[in-house]
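The values are calculated or read from the model by the stated rules, or taken from the named source; none is laboratory data. Quick caveat: nothing in here was measured; it's all calculated off a predicted structure. Glycine gets a Cβ as well: all are built from the backbone with ideal geometry, and neighbour counts include every protein chain shown. Surface areas here come from the heavy atoms of the whole protein model, side chains and all, with no ligands, DNA or RNA. Shrake-Rupley method; radii C 1.70, N 1.55, O 1.52, S 1.80 Å.
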Amino acid sequence: MSAYKLVALDLDGTTLTDDKRISQVNRIWIRRATEAGVTVIFSTGRGIQTAKSYWDELRLDVPMVLLNGAEIWKGPGRLWERHYLSRQQIRELHKLAVGADAWYWGYSVESLTNREEWTEEMFDRDWMKFGMGHHDLPTIAGLREQVRQMGMLEVTRSADTNMEISALGVTKESGVRKVCELLGIGMHEVMAIGDHHNDRMLIQAAGLGIAMGNADAELKEAADIVTGTNGEDGVAQAIQQYIFGLNAVPEE
């Protein structure tokens, strides 16, 4: 049997197809892994507002690492911990985004809120993650650098056109480490799969770090191996090969 006891899956660009579905083949192999005693979790930048439907679809009663590690659940309906940005940081990030005419959004306890929905009342909420996006790559690169210079923030991205911001030290890796503690396993027993910069630290820390075929070039360099793309059931390919030791997905 596999040396890996936990599989940590990114969602967008990894477990999900480009039209945001979990393919039948991926569903089958995720189920087979869980039936074999492997814990399969999400490690995603999404919050519960946009990840829960996939959690429900797969019927996984396991921990989840959401918001790039800022929110960790022991299981459905069982919140474990949250890590917040300060309200002053939110004001500064919001001012920066507005000044650059960037698209922006945030995940609070109450909601996922974007630029069009933002009101003054939002500054009285507790935020776990704030994001910015801009289609001009030099502009978003400059914004990332400005946020890094603010200090005490974790800055990453899930696309070349965006930036995702959490409290310092809060990452997918820190979240998965907490889940490992909960389950009594080590990071060497984790197989992690992802496609972009916000997966990098986790993929480097995991026992087996896998980049998708459609992954960012830097992530492919950091990973141990590269699997198929999210349109080729790359997650299923990785599970069948590195959990079950199979070289090809058998015909159903």
Flag if GLY69 is over 17 Å from ALA192 (Cβ atoms) and either within 17 Å of the chain's Cα centre (by Cα) or surrounded by fewer than 19 Cβ atoms within 10 Å (Cβ to Cβ) (or both)
no
For the condition in contact with a helix residue (DSSP H, G or I) (Cβ under 8 Å, 6 or more places away or on another chain) and in contact (Cβ under 8 Å) with a residue 24 or more places away in the chain, what is the one hit in LEU183, LEU202, LEU246?
LEU202
Being free of Cβ contacts under 8 Å to residues at least 60 places away in the same chain and of a type outside the set (D, E, K, R) is the filter; apply it to the range 45-58 and report the residue that is farthest from MET128 (Cα to Cα).
LEU58
Tell me the residue from GLU173, GLU221, GLU189 that is in contact with a helix residue (DSSP H, G or I) (Cβ under 8 Å, 6 or more places away or on another chain) and surrounded by fewer than 22 Cβ atoms within 10 Å (Cβ to Cβ), please.
GLU189
Here is a list of conditions, (1) modelled with pLDDT of 95 or more; (2) open to solvent by 10 Å² or more (accessible area, probe 1.4 Å); (3) farther than 30 Å from GLN146 by Cα, and ASP12 meets all of them except one; can you say which number that is?
(3)
Across (1) open to solvent by 70 Å² or more (accessible area, probe 1.4 Å); (2) closer than 17 Å to HIS94 by Cβ; (3) not hydrophobic (A, V, I, L, M, F, W, C), ARG125 clears everything bar (1)
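Residue by residue, here is whether (1) open to solvent by 10 Å² or more (accessible area, probe 1.4 Å); (2) among the basic types (Lys, Arg); (3) over 18 Å from the mean Cα position of the chain (by Cα) holds:
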residue: ILE165; (1), (2), (3): no, no, no
residue: LEU168; (1), (2), (3): yes, no, no
residue: ILE203; (1), (2), (3): no, no, no
residue: LEU208; (1), (2), (3): yes, no, no
residue: GLY213; (1), (2), (3): yes, no, no
residue: GLY234; (1), (2), (3): no, no, no
residue: GLY245; (1), (2), (3): yes, no, yes
Would you be able to say whether some residue in the range 15-22 is over 13 Å from the mean Cα position of the chain (by Cα), of a type in the set (S, T, N, Q) and open to solvent by 40 Å² or more (accessible area, probe 1.4 Å)?
no
Taking the stated definitions as given, is GLY151 exposed (fewer than 15 other Cβ atoms within 10 Å of the Cβ), on the phi > 0 side of the Ramachandran plot and free of Cβ contacts under 8 Å to residues at least 24 places away in the same chain?
yes
Going through the range 139-183 one residue at a time, which ones are assigned to a loop (DSSP other than H, G, I, E, B) and under 20 Å from ALA205 (Cα atoms)?
ARG157, SER158, LEU168, GLY169, VAL170, THR171
State yes or no: is GLY228 part of a loop (DSSP other than H, G, I, E, B), free of Cβ contacts under 8 Å to residues at least 60 places away in the same chain and open to solvent by 20 Å² or more (accessible area, probe 1.4 Å)?
no
Residue under question is GLN241, and the condition is that it be open to solvent by 60 Å² or more (accessible area, probe 1.4 Å) and without any contact (Cβ under 8 Å) to a residue 40 or more places away in the chain; does it hold?
yes
Index of the failed condition, LEU112 passing every other in (1) under 23 Å from LYS178 (Cβ atoms); (2) open to solvent by less than 20 Å² (accessible area, probe 1.4 Å)
(2)
Filter the range 150-168 for residues that are hydroxyl-bearing (Ser, Thr, Tyr) and under 17 Å from TYR84 (Cα atoms) and give the result.
THR156, SER166
